[in-house]
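Taking it in order: structure first as structure tokens, then the write-up.
The values are calculated or read from the model by the stated rules, or taken from the named source; none is laboratory data. No experiment lies behind these values; they were computed from the predicted model shown. When we count neighbours, we look across all protein chains shown, and the Cβ atoms used for this are built from the backbone with ideal geometry, even at glycine.
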Amino acid sequence: MQDLSLKFEKQSTLATILKFSIPSSFGAIIGMLCVLTDRYFIGQVAGREGMAAIALVFPYAMIINSFNFAFSGIAIIIGVKLGSKDKDGAEKILCTGFLWIFIVGILLTLFLFLFNTPILKILGASSSNISHAIEYTNFLIPIATFQIILGQSTLIRGIGDSVTAMGVNIFTGLFNVILDYIFIIKFDMGISGAALATLIATALSAFYILFYFFKSDVISFSKQHFSLNVKILKEIFRIGSPRFYNQLLQSSVITVTNIQAGVYGGDIATAAIGIISICRSVMNTSLQGFNQGTAAIISYTFGSKNYSRVKEVLKIQLYTVISVSTILVLLMLFNTEKIVSFFIKNDPPLVEFTVSAMRLNLFLMPFTAMFLACNNFFHSIKDSVIATRFFILRIIILNIPLVYILGYFFQEIGVWLAFPISDASVAIIMFFLTVKKIRKISSGN
């Protein structure tokens, strides 16, 4: 077994962060470009109706992705165990975790196929866009198991192989873009072509990850460690549950936003959400790779009780995500019309409507970046209680009620403002709790 302390603790803090975060950030950016290209082709081919369908399917995709986050606890637990030199325990988590991934993924796929149309109607599909949504989800649903496996690329990074993790993300993104062009433009498959491209690219990358863990010299699949150990599943889910619930709650708030925006603004508002959600994802994804890189370091150093290094990593992480997100917001505010026009052609009313809505909805994204960084810290040290409570505060207590309350008083303007107000409020509280927690662990209490 490799001495992982050489990768996580023996170099300077900044050098270690850069070593892990640059590859993961680069991979995330490639993935972001894949999403942008995907939506660009859909916007050019299907126009307003296609973007409205994407807005409806987006929370559906988040439901699938929530199970990816449910199993994110695998990487965290393995990171802590490797930090405490428990290789055998780490391999038990690896094998049991992947076995449960297959079971949950297959059950989820069957459930979604059986109830596809009712779920889309709950998400707000109407007679004008449900055919596009069904066309897309028929190829989206089979992704479920592969998507959960692909999410374990964070585990590859967590055992010190950040370059391979980056390579998996780059391959998935670039191959998806190539297939998008072939299926949507050359074969004229429309919105279903975009989903099929994602399915194939995700499946191939998932198979590679499985192959990787059969050959890894750090931890690997071993027949004696495979079991349906419910205790291990509960521990994995306990760690991953904050992000799992967050994805489900995010899906619900996007659904509520879709419905309420449609009430006050009609179909044009639903199509606008399709574009706004892409831009929000771009900003979050730009920081996701950095957060993933620091999570691996925090988990390992927390497991080895190197608390001063945990504090250094967190400080650099907060400075970085707040600075980068501020720059991205400024770029968005000064180039909103160009950004929106990239996705939609020959629809000036939709462009004008979306420009105004996007500026209102995204101008406080630095607070979202702060919240996600602080939550990433609690997740990385296995403090799932705090992480879960703040996701609930963010979505159930603030965001969803504000969509209705502000919408009632200010119509669609209120709907757009609900997200930035709720995120800014919870981020400030979360920041002070993070400072309190880091002081506590630094003092050894």
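Quick rundown of the values:
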| item | result |
| --- | --- |
| Residue match in region 117-137 (condition: closer than 30 Å to Ile17 by Cα and surrounded by fewer than 23 Cβ atoms within 10 Å (Cβ to Cβ)) | no |
| Qualifying residue in region 42-53 (condition: modelled with pLDDT under 85, over 23 Å from Gly173 (Cβ atoms) and either outside any helix (DSSP H, G or I) or under 18 Å from the mean Cα position of the chain (by Cα) (or both)) | no |
| Only listed residue being at pLDDT 95 or above and surrounded by fewer than 19 Cβ atoms within 10 Å (Cβ to Cβ), chosen from Ile327, Ile421, Ile413 | Ile421 |
| Qualifying residue in region 191-212 (condition: more than 29 Å from Met51 (Cα to Cα), at pLDDT 85 or above and in contact with a Phe, Trp or Tyr (Cβ under 7 Å, 6 or more places away or on another chain)) | no |
| Test: residue in region 146-153 that is out of contact with any His (no Cβ under 8 Å at 6 or more places or on another chain), in contact (Cβ under 8 Å) with a residue 24 or more places away in the chain and surrounded by fewer than 21 Cβ atoms within 10 Å (Cβ to Cβ) | no |
| Condition met for Leu140 (touching a Pro at 6+ places or on another chain (Cβ under 8 Å), touching a residue at least 40 places away in the same chain (Cβ under 8 Å) and among the aliphatic types (A, V, I, L, M)) | no |
| Search result, residues across region 312-324 that are buried (at least 17 other Cβ atoms within 10 Å of the Cβ) and of a type in the set (D, E, K, R) | Glu312 |
| Residue in region 142-152 that is part of a helix (DSSP H, G or I), of a type in the set (Val, Ile, Thr), under 29 Å from Thr270 (Cα atoms) and more than 18 Å from the chain's Cα centre (by Cα) present | no |
| Filter result for Ile63 (surrounded by fewer than 21 Cβ atoms within 10 Å (Cβ to Cβ), touching a residue at least 12 places away in the same chain (Cβ under 8 Å) and under 22 Å from Asn176 (Cβ atoms)) | yes |
| Segments classed as helices (runs of 4 or more DSSP H), wholly inside region 66-132, with at least 2 members that are of a type in the set (Gly, Ala, Ser) and touching a Ser or Thr at 6+ places or on another chain (Cβ under 6 Å) | 73-83 |
| Elements of type helices (runs of 4 or more DSSP H) contained in region 348-445, each with 3 or more residues being free of Cβ contacts under 8 Å to residues at least 12 places away in the same chain | 348-362, 400-410, 412-442 |
| Where Leu398 falls short, out of the listed (1) touching a Ser or Thr at 6+ places or on another chain (Cβ under 6 Å); (2) surrounded by 21 or more Cβ atoms within 10 Å (Cβ to Cβ); (3) modelled with pLDDT of 90 or more | (2) |
